[in-house]
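Take a look at the structure below.
The values are calculated or read from the model by the stated rules, or taken from the named source; none is laboratory data. What you see is a predicted model; the values in this text were computed from it and never measured. Positions of Cβ are generated from backbone atoms using ideal geometry, with glycine treated the same way; all protein chains shown enter the neighbour counts. Just so you know, the surface numbers come from the protein's heavy atoms only, side chains and all, with ligands and any DNA or RNA stripped out. Shrake-Rupley method; radii C 1.70, N 1.55, O 1.52, S 1.80 Å.
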Amino acid sequence: MLRLIARRLLVSAVLVLLVSLLTFLLQAAAPGDTARTILGDHYSPEAHRLLAHRLHLDEPVLVQYAHWLGQALRGDLGSSPISGLDVGAEIAGRLPVTLSLIVCTTTVTAVLGVALGVLSAVRGGRIGRAVDLVSLIGYALPGFWLALVLVALLAVAVPVFPATGYVAFADAPAGWARSLVLPVATLALPGIAVFAKQTRDAMLEALSRDFVTTLRANGASRASVVLRHALRNAAIPVVTLVGLTSVGLLSGTVFVEAVFAMPGLGGLAAQATTQHDIPVIQGVVVVFTLVVVAVNLAVDLAYARLNPKVRVP
Amino acid sequence: MSTASLGGTLPARLTEAAVPDRPGLSRRRFAATATVLASGLTLTACSGGAGSAGSATSHSTLRIGQFWPPVSLDPAKAGGESLFYLNPAYDPLIHRAADGSLRPRLATSWRYLGKGNTAFEIKLRAGVTFSDGAPLDAEAVERNIAYFKQAAGQAAAFLAPVAKVEALDEHTVHLALSQPHPQLPALFTQDYFAGNLISPRALADPGGLARRTYGAGPYMLAPAETVAGDHYTYVPNPRYWNAKDRRYDRIVIKVLPNENTALAALKTGQVDVISGSYAIASGAARAGLKVASSPNIVMGIQLNDRAGKLCPPLRDVRVRQALNHAVDRQKITKALLGAYGTPTDQPAVPGQDGHNDTVFYPHDPVKAKQLLAAAGHADGFTLPVVVPSTPAFPGEIAQAIAADLEKVGVRMRITAKDPAGAAQEITKYPASTMGWGALPVYFMGRGLWLRDAVGMNPFHSSDPELERLDRQAAAADEKTRSGLDRDIVRRVVEQAWFLPVCLSPVFLFHRDSVRIEAVRDRPFPSVVDWRPAAGPGA
Amino acid sequence: MTELPSAVRRHRPAPMVRTVLRRPAALVCLAYLALLVLASLAAPWLAPHGPTATDLDHVLTGPGAAHPLGTDNLGRDVLSRLMYGGRPSLIDAAVAASTVLVVGAGCGVTAGFLGGWFDRVFSWAVDVMLAIPVLVTLLVVLAVVGDHQVLAMAVLGVLVSPGVARVVRGATLAVRQELYVAAARVSGLGRRHILVRHVLPRVAGPVVVQVSLFAGGALMIDAGLSYLGFGADPPTPTWGNMIADAAAVTDRQPWLLAPPGVVLGLAILACGVLGDAVRDAGAGRSTTATPPAPRSRPSRSRASRPRKGTSHPPVPASRTDSSPALLSIHDATVALPGPHGMTTVVEGVDLDIGPGETVGLVGESGCGKSVTGRAILGLLPGRGEITEGSIVFDGTELVGADPRTVRALRGRRIALVSQTPLTSLDPVIPVGGQIAELVRRHHGGTRRAARARAVELLRAVRVAEPEHVATCHVHELSGGMAQRAAIALALAGEPDLLIADEPTTALDAGVRAEVLDLLRQVQRERGLAVLLISHDWKVISRMCRRTYVMYAGQVVESGPTADLLAHPRHPYTAGLLASAPGRAAPREPLRAIPGTVPAPHEWPPGCHFAARCALATPACAAAAVPLLEPAPDRGTRCLRHTELGKGDDRDRATAVRS
């Protein structure tokens, strides 16, 4: 188990290095540079040279990268040439928003999806068809479009929920929950369906296995067969899905935070992209990668708990 | 188009640098003495006092929704979109009131010395301290002007003629100018940033200015309750010199980059005031919200490549005139702005600075074709234009123009770039979006059509006649100058360097609980002038 | 669970394309996508207006005669813009999908096929790349290269390729490892030939699924980027920037959100459904039939259908007087859902087991033995049901009884040991935990007591180190050990009747004997009645006092085992005995009898065995053969059993074979 974690962490470290290096190289390959962006109209070759020197832009890319990395390892992600703000602080301020979105959405998605999936596996028939229908719709609806429609319906036409913004949990837990309803609903809908479908398939598969017959034949209760045995066996693909979903949500938040004007990392990334604010994007990419790594590690650990065969390395 | 979004209407960086978005200020001579102004101020305070006294003690919060976040909170680097973010924290030297008149604020009086607009004197209010405790004195002004000039922001270009700043005594400053500058009082209002004095102590380390405020205004930014790019919270500045005039206990400005959700937030009372565009104006009016609009943004296309470097046909003035004739301004304005817009073919607001009561380019496709044919372009040509991708309006108007030009055979090829990209690549396209406030002609010349104009004259087109008229006007007294200003605008329009379509309004939408005494055709009053509406419901 | 699918397996799988096209949903999706492609290609001729033709007098009109889908904020026709807007959207999705096809599927096939170091590097790279956040990376690319949508979509394709590649690699690996490819390799065919002829056709399905599903996602991301302003420049319409335009005016004309959203949504949907259809078609061509949706509760209305009007009385009086049977099945008929609808798979079975008696049920695969066993437990697969007859256990009628009655019997009175021990135990819960669960269920008590009892049970089935084994998962046990654990599990409720369904088939010969000994031991010690289902005469002869022979859903012969072995009264029994007794592997045709067992829907009205029988006469095929009593305590369904009764077994077998 420890070896598994250690191996994962090692791969993750390599990954973060790789992704940050890639971003760095891309940035270096880009036409124009940060100094040019900062100078804007006050561009003159002389000013550019001075600024480039100050920002270490006149050094080779790899040296620049080493510089950035050295600072990043000390927790300093640099500062935005556009706003002058510290990237690390910016990200730290916005991370709770994105994490709230991801954690809440994943939870809602998984709980509802698994419940629906189990229900439709056990009951079949109408519920199964309903799940099919919802999963198709959920799969097909573009998130940002759904967000716009939800806003138009539930925030503008019949104002039930706040249309925009984010309330910190520490400020007002109720407000926090309310501010998350629409974005989480937007993000969760497609996921719920996917979960329901996957759970149902996995449950059907599990329920059709020999041990289910054996257990039932020997008197195990229905609840135990479904919830203890079949669900635990079905949980492995579902846990995979939890991982995939939370990672996928990192993409979803970019659109949803933009529509709902939430001060999260996705919004920051989109905004920084329009402004060509490379240090900020780089910071976001690194943090996103770290989140992905953390999620994958958690999924691996969950695997090990659920699947005894994995436990022996 | 909101005040804030204007920053984006113009390719953002250039806007910051060159074109303040505040429209023409009243050109009142400031012969008025300090006492008169002071008494005027007292009167204002008294008349507003009855209504606001109660609310000043009540714990009230003003919540504002803005389309754009501030590019920077540093007044020397801020752009048009930052105005409302700076208003609460930075008191200007001179306060431009809702009706356009100039009132004393940190300065108690000001005047030009002698003739020819080359020497200027400012007298400072005594006993004022900045929010960090530094005192306001002549030296602070001196260091501010030096900082604004070197920070190379929006105000820098307009401060260029200021050659020397001299502290005569603790509260008197003399400015010596290298060239005539008739608009220094306007420049020192809140609208052009240069008047927003920064604590000299903070200037020692200007890096902090992006994150915190160091002004002498009634409020200061509370960094702990602020998330950059999302919301900005202002709390009272305990050292404010005029605390009785402070109307709120707290101001929160929330960035709401989607107008429809902003309107929803306003309807549901999450915010009290939002900026916005025509897209939500009818919705706001239907919902019973107050709509304040001021049509003073000149919208259209700038034909930047007047020498025909990228698009040879543009070299011919007849071609540029033909384009101006081809566009149906009435129809476009009505379709895109309803009753809120004013069709125009000149960069000036009716009844103000530089406006000519003439229609220069009536809609006349036939004439347009004739002009094109005369210039040898009967078959038309392709005109690449760069526009910002957000907000929607510049793109819409460009598309509308494109449809009209198509009818005379000119194919407009639109490239939408993010605002920063559009600004950076302005020199790669012969034409670009036009969207700036109708300013005093002196300022517009320095931003738009003089050879050394900063930013929005990317190819440095020059016209000797324009340069000459500008020199004359800069040194003239107000009376002579208004005629010269009209001549300048006429010359610009006849040269067809631009293709203006309409004056587009900036909008503020607000709830009954806030009183904003906006005056039509004037820029909106400073946030510090907004107040809770009288009555218990406020 | 049953050997039924043999009928399905004989179906030749139809080529995938045809299978897919046979699905209406897939057809509709294909038609819709084709329509989109066509509409966007033919837009210049078909669209009622130009995509950029403004009409400033009619802005935001809403749907009407002149503009079926209304106009936008510049008075442009929404329908026309939708048609033109399809082009960039579809091209972008196609670019992304082709990138995935080339990079993802290409790498996947290569890695899976070549294996070795390439595969290791590949797998590592995939692990790494899967952790790259896609959209944000895409934004970085866009920030750097500017608004180059096609390039961005290609990058998107590369970014999602690892996931696709992994799936495709898995599929390729599976195919490669299959026998015939191995054989092809041995016989010296070139790699290229193997790849093209054998591997590619088989992995095409998964590839199409992945690419199709991804194409939907690409459409969505493309629109999303376009919505964020990274798409084609205005006034060129794309679905994404139409949504953005609509979003800007939702307050004035909310309708505008609908057309692009719906068209886009349906396109994504079509890709998804198509992918699903291909997957289903590939997964099992049999999925056209209802998948076995296990229902915990047998449909009460059906099961409790009044049994009047059936020609057989529920409990035949004749049975009760001989010996009081623990279990008495009379004339039981079972139907299961299958590819041909509800099909009778067990027909008119009579079977009795006395207390403490071991009874054998023998027959080839697919003849209904297991189904009969399941029917007793009320655990028929899918919507299977007992359509006729009766099953009486210890005086209680189970057919049509309240499901609770049947449930109460399971484990406590009737238990089951099934064929493959490794799959008949829950793989994720320790063995002891499973036994303890049933102990508690049947006898209550504390967890601790139940655990102790579980260990005790394991010891009772002669498991060495029962304490340790109790904490093991089934994959940590040997087959024999697992089967002992399964028997312990069955004994947890101290049942009276044990249904042992091929309990030793999956075990090695040595272990087999041990398990049989064990079964016999517990049977003796506890006075258990055992219904031993097997195809193995050796097992039957060793264990069972009486034996029933099943063929094609019917009991064709019954009697005391020794007597039956010595003097079979049915040609099928004779043939079965003749075909290397004890060695007939399941699912292999019997060497002594030509032909195979007919599938349930192919059963003839007369004798089910007639088609394979050397003794068959027209009378055999004419009408159903009743169960005859050739001798006391014997039964047969053969009209000509008298002829079989003469002579000795060897001749019988020869007679059948000739």
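If you roll a 1.4 Å probe over the heavy atoms of the protein chains, what accessible area per residue do you get for the protein assembly as shown, in Å²?
Computed with neighbouring chains in place, this is 38 Å² per residue.
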Per-residue ellipticity at 222 nm for the protein assembly as shown, helices alone: DSSP H runs ≥ 4 residues times -39500 (n - 2.57), over residue total, nearest 500 deg cm²/dmol? -15000 deg cm²/dmol
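Under a Cβ-only charge scheme (Lys and Arg +1, Asp and Glu -1), can you give me the dipole magnitude of region A:87-311 about the Cα centre, in debye to the nearest 20? Spell out each step's value before the answer.
On the way: 15 positive and 9 negative charges, 224 e Å.
So the magnitude is around 1080 debye.
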Probe 1.4 Å, all protein chains in place: accessible area of residue C:365 in Å², nearest 10? 30
Which of C:416, B:426, A:112 sits closest to the plus end of the dipole of the protein assembly as shown, meaning its Cα is farthest towards the positive end, when Lys and Arg get +1 and Asp and Glu get -1 on the C-beta? C:416
Per the Kirkwood definition applied to all pairs of different Cα atoms, how many angstroms is the hydrodynamic radius of chain B? 23.5
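Report, to the nearest whole %, how much of the accessible area of the protein assembly as shown belongs to carbon and sulfur atoms, 1.4 Å probe, protein only. Present the calculation step by step, with values, prior to reporting the outcome.
On the way: 34470 of 57460 Å².
Carbon and sulfur together cover 60 percent of it.
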Please list the equivalent ellipsoid semi-axes of region B:296-505, computed as the square roots of five times the alpha-carbon gyration tensor eigenvalues, in descending order and whole angstrom. 25, 19, 18
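Could you work out the relative contact order of region C:387-477? I mean the mean sequence separation of Cα pairs under 8 Å and 6+ apart, divided by the number of residues, in percent.
Details: 74 pairs, mean separation 23.1, N = 91.
For region C:387-477, the relative contact order is 25 percent.
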Identify, among A:189, A:220, A:256, the residue whose Cα sits farthest towards the positive end of the charge dipole of region A:170-313, taking +1 on the Cβ of Lys and Arg and -1 on the Cβ of Asp and Glu, with the dipole about the Cα centre. A:220
Could you list, bin by bin from short to long, the percent of Cα-Cα pairs of region C:337-454 in 5 Å steps? 2, 9, 16, 19, 19, 16, 12, 6, 2, 1, 0
Charge dipole (region C:327-562, unit charges on Cβ, about Cα centre) - positive-most of C:425, C:540, C:391: C:425
Take region A:268-308, drop everything but the C-alpha atoms, weight them equally and run the Debye formula without solvent; then report log10 I(q)/I(0) at 0.23, 0.31, 0.32 Å⁻¹ to two decimals. -0.69, -0.91, -0.93
Compute the convex hull volume of the Cα atoms of the protein assembly as shown, divide it by the residue count, and report the result per residue in Å³ as a whole number. 214
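Kindly provide the trypsin sites (Lys or Arg not before Pro) of region B:433-538 that DSSP labels as loop, not H, G, I, E or B, and whose Cβ sees at most 16 other Cβ atoms within 10 Å. Kindly include the intermediate steps, with their values, before the conclusion.
Working: sites: B:446, B:451, B:468, B:471, B:479, B:481, B:486, B:490, B:491, B:511, B:515, B:520; in loops: B:451, B:511, B:520.
Sparse-neighbourhood loop trypsin sites (Lys or Arg not before Pro): B:451, B:520.
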Using a 1.4 Å probe on heavy atoms of the protein chains only, the accessible area for residue B:112 in Å², nearest 10, reads 30
Computed for the protein assembly as shown: size of charge dipole around the Cα centre, +1 on C-beta of each Lys and Arg, -1 on C-beta of each Asp and Glu, debye to nearest 20, value 3340
Bridge orientation stat for the protein assembly as shown from DSSP, antiparallel percent rounded to 5, came to 70
Using protein heavy atoms only (no ligands, DNA or RNA), what is the total accessible area buried between A and B, 1.4 Å probe, nearest 100 Å²? 2200
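In debye, nearest 20: dipole of region B:311-350 around its Cα centre with unit charges on the Cβ of K, R (+) and D, E (-)?
Working: 6 positive and 3 negative charges, 11 e Å.
With only Lys, Arg, Asp and Glu charged at Cβ, the dipole is about 60 debye.
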Return a whole-number percent for the relative contact order of chain A, with Cα pairs under 8 Å and 6 or more residues apart as the contact set. 24
Using DSSP to define loop residues, name the trypsin sites (Lys or Arg not before Pro) in region B:272-360 whose beta-carbon has at most 16 other beta-carbon atoms within 10 Å. B:309
Where only alpha carbons of region C:327-562 are counted, the Rg and the Dmax (Å): 17.4, 50
Part-to-part distance (alpha-carbon centres) for region C:41-83 and region A:165-227, which is given in Å: 44
Hey, rough spin-label estimate for residue C:622 and residue B:370, points 7 angstrom out along Cα→Cβ, what's it come to in nanometres? 11.2
Given q = 0.15, 0.30 Å⁻¹, what are the Debye log10 I(q)/I(0) values for region B:360-405, with equal point scatterers placed on the Cα positions and solvent ignored? -0.52, -1.09
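Residue A:133 to residue B:167: FRET efficiency via 1/(1 + (r/R0)^6), r the Cβ-Cβ distance, R0 56 Å, to the nearest 0.05?
Working: r = 78 Å, r/R0 = 1.39.
It comes out at approximately 0.10.
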Return the inverse of the average 1/r over all pairs of distinct C-alpha atoms in region B:89-142, which is the Kirkwood hydrodynamic radius, in Å to one decimal. 12.5
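May I ask for the net charge around residue C:153, where only other residues with Cβ less than 11 Å from the Cβ of residue C:153 are counted and Lys, Arg are +1 while Asp, Glu are -1? Walk me through the numbers on the way to the answer.
On the way: positive: none; negative: C:92, C:222.
Around residue C:153, the surrounding residues sum to -2.
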Rough spin-label spacing in nm, given labels placed 7 Å along Cα→Cβ, for residue A:21 and residue B:224: 4.3
So, with points 7 Å from each Cα along the Cβ direction, the residue C:449-residue B:462 label distance in nm works out to 10.6
